[in-house]
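The values are calculated or read from the model by the stated rules, or taken from the named source; none is laboratory data. Please read all numbers here as calculations on a predicted model, not as lab measurements. Neighbour counts run over all protein chains shown; Cβ positions are idealised from the backbone, glycine included.
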Amino acid sequence: MSEIQTEISNEKKKKGRKPSTLNYFAEREEKAVRDFLTAETFEERNKIYNEFLKDPLDKMISSIIRRYKLYRKDMNYEEIHVDTHSFLMTKIEKFKPSKEKKAYSYLGTICKNYLMGQIMKDQKEMNRKIPYEDISSDLTNRPEMSYVIDNDDLSSEYVIKKFLDKLKNELNNDDCSDQEFKLGSAIYDLFENYGTIFPDTNNNKFNKNIILFELREMTNLSTKEIRNSIKKYKKLYFDLVQDLLKS
């Protein structure tokens with residue numbers, strides 16, 4: 001094949017190749033969140049929001065709603081989207097850039113847990129109006145869809161504080177593998193920010209898939225690696241709760 005034919009062939013391949021998907025929330029958007037929080041005037045904030053944040057946040061919310069099928073009864077998609085976006089903007093102030101955390105992870109977790117909380121509230125309201133037999137497959141009654149993070153007999157805040165102390169000590173031990181250390185650090189961050197990330201749903205269960213997604217995002221570990229590494233921290237938590245119940 002001549003050089004000209006090769007060049008034409010390569011050009012055709014380039015034209016036929018599907019464009020790679022751009023990351024809609026990259027460093028530019030991370031910087032925009034920081035700039036938004038430090039802006040001194042409403043006009044400056046509004047400009048940053050409209051120019052850099054509105055579209056990426058819209059895409060984030062759309063992706064979360066569709067990926068996790070977080071649809072609410074008696075509300076159409078647009079209403080859910082607008083409601084979630086509005087709620088998110090009331091929580092953005094609590095993000096602390098000084099902690100060097102990713103705004104993408106924080107904002108995404110806020111959205112997911114807000115939607116889960118609203119679905120649970122909607123379901124509770126429905127439970128008051130219809131017989132139990134009709135709701136036996138209710139989301140909050142399906143153990144495979146939930147993860148218990150505290151014990152009914154103990155204050156969640158107290159358990160979390162004690163667990164963080166135990167977890168911190170565990171992370172300082174030399175016997176942690178690299179994967180266990182990454183996962184332990186991510187779990188520490190989730191529990192440390194528990195009060196601002198998880199909504200007050202008056203329920204002690206959270207969607208296991210959402211938590212797993214967050215851990216994958218924060219650690220870059222696979223689901224299998226997370227499940228293998230989390231055994232250490234499950235035992236740590238279980239032993240802690242047992243000790244607290246005995247005391």
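Is it the case that E217 is at pLDDT below 80, farther than 30 Å from K124 by Cα and outside any loop (DSSP other than H, G, I, E, B)? Yes; evaluated as a whole, the condition is true for this residue.
Residue-wise test of (1) in a helix (DSSP H, G or I); (2) exposed (fewer than 15 other Cβ atoms within 10 Å of the Cβ); (3) not assigned by TED's automatic domain parsing to the domain that holds S185.
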| residue | (1), (2), (3) |
| --- | --- |
| E43 | yes, yes, yes |
| N46 | yes, yes, yes |
| E51 | yes, yes, yes |
| M75 | no, yes, yes |
| S86 | yes, yes, yes |
| T90 | yes, yes, yes |
| E93 | yes, yes, yes |
| C111 | yes, no, yes |
| Y114 | yes, no, yes |
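Restricting to the stretch 95-104, and then to whatever is at pLDDT below 90 and assigned to a helix (DSSP H, G or I), can you tell me which residue is nearest to F42 (Cα to Cα)? So the residue we want is P97.
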